[in-house]
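*Asks:* Take this structure first; my questions come after.
The values are calculated or read from the model by the stated rules, or taken from the named source; none is laboratory data. Note that the structure is a prediction, hence the values are computed from the model and not measured. Virtual Cβ from ideal backbone geometry, glycine too; neighbours counted across all protein chains shown.
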Amino acid sequence: MSPRVVGFGAGGHCRVLLDILLLDRDPADLVLLDPDPKVHGQNLYGVPILGGDDCLQAVKDLGANHFFIGAGSTGSVALRRHLFQFGQAAGLQPLEVVHPSALLSSRSERGPGLTAMARVVVNAGASLGANVVLNTAVIVEHDCRISDHAFLAPGALVMGGVSIGQGAFLGAGCVIRQGLRIGEGALVAAGAVVVRDVLAGDQVGGIPAHPLSR
């Protein structure tokens, strides 16, 4: 069977996504591309890693029409943003990857390419932009606004009415108090408790959160 979905990146984040996708898909429906030549020709959970991004046209010729981003983030979402735009420019549609245990309110909204992993909760009135990642056990409370390319690491808790700017990164286990604004490109460190707005590009951490650098 020709692959219908191509994944960009074959690292640890991709393993978790494949674990979700292979619950109801045959590995033959999937193919991976990765820039590391050492993994070319190998497979991940039965899904072949054909080559680098230069192989995309060949993969499209095999029938691929959707993509997902197997690259994670360690604070910067620049690579994920680039790959999302790369896939769209190639005429592919972003694939939504949602674990069966994720609870996404029917009264919430979500953009294309959402990733929602195990035990994620998104409550009523929340709005998620394109290419948003909600990692394991993330909670997004009511009426939150999460902009494009934002990445929420495992266990992040976002209380009601919070606004998160484009490309922001929220570290594992952080807590964002209700009604706050997290600016575009901001970084909230793991375990931080944020009790006031975070400006665009700022990095904060600690309890309560304080600026780490600008």
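One line per residue, one yes/no per condition, for (1) more than 16 Å from Ser73 (Cα to Cα); (2) touching an Asp or Glu at 6+ places or on another chain (Cβ under 8 Å); (3) assigned by TED's automatic domain parsing to the domain that holds Ala102:
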site	(1), (2), (3)
Ala126	yes, yes, yes
Glu141	yes, no, yes
Gly161	yes, yes, yes
Gly183	yes, yes, yes
Val188	no, no, yes
Ala192	yes, no, yes
His210	yes, no, no
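*Asks:* Going by the conditions given, is Asn135 modelled with pLDDT of 95 or more, outside the structural domain of Ile69 (by TED's automatic domain parsing), in contact with a Phe, Trp or Tyr (Cβ under 6 Å, 6 or more places away or on another chain) and not basic (Lys, Arg)?
*Replies:* The answer is no for Asn135.
*Asks:* Tell me the residue from Phe68, Phe86 that is farther than 24 Å from Leu23 by Cβ, aromatic (Phe, Trp, Tyr) and not assigned by TED's automatic domain parsing to the domain that holds Cys174, please.
*Replies:* Phe86
*Asks:* Okay, moving on. Within the set of pairs 6 or more residues apart or between chains, which connect a residue that is in the same structural domain as Phe151 (by TED's automatic domain parsing) and more than 18 Å from Phe151 (Cα to Cα) inside the stretch 93-114 to a residue that is surrounded by 14 or more Cβ atoms within 10 Å (Cβ to Cβ) and polar (S, T, N, Q) with Cβ atoms less than 6 Å apart?
*Replies:* From residues that are in the same structural domain as Phe151 (by TED's automatic domain parsing) and more than 18 Å from Phe151 (Cα to Cα), the pairs are Ser105/Asn123.
*Asks:* Of the numbered conditions (1) in contact with a Leu (Cβ under 7 Å, 6 or more places away or on another chain); (2) assigned to a loop (DSSP other than H, G, I, E, B), Gly173 satisfies every one except a single condition; which is it?
*Replies:* The single condition Gly173 does not satisfy is (1).
*Asks:* Follow-up question, since we're still on this one. Look through Gly185, Gly160 and report the one residue that is on the phi > 0 side of the Ramachandran plot and either in a loop (DSSP other than H, G, I, E, B) or under 13 Å from the mean Cα position of the chain (by Cα) (or both).
*Replies:* Exactly one of Gly185, Gly160 is on the phi > 0 side of the Ramachandran plot and either in a loop (DSSP other than H, G, I, E, B) or under 13 Å from the mean Cα position of the chain (by Cα) (or both), namely Gly185.
*Asks:* Out of the residues in the stretch 163-182 that are surrounded by fewer than 18 Cβ atoms within 10 Å (Cβ to Cβ) and on the phi > 0 side of the Ramachandran plot, which is nearest to the chain's Cα centre (by Cα)?
*Replies:* Taking the candidates together, the pick is Gly173.
*Asks:* Out of His13, His82, report the one residue that is within 27 Å of Ile164 (Cα to Cα), free of Cβ contacts under 8 Å to residues at least 12 places away in the same chain and outside any strand (DSSP E or B).
*Replies:* The match here is His82.
*Asks:* For the stretch 64-78, which residues satisfy the criterion of being assigned to a loop (DSSP other than H, G, I, E, B), farther than 13 Å from Thr115 by Cα, out of contact with any strand residue (DSSP E or B) (no Cβ under 6 Å at 6 or more places or on another chain) and modelled with pLDDT of 90 or more?
*Replies:* Across the stretch 64-78, the qualifying residue is only Asn65.
*Asks:* Then there is this: Of all residues in the stretch 16-54, how many are outside any helix (DSSP H, G or I) and charged (D, E, K, R)?
*Replies:* So the count comes out to 5.
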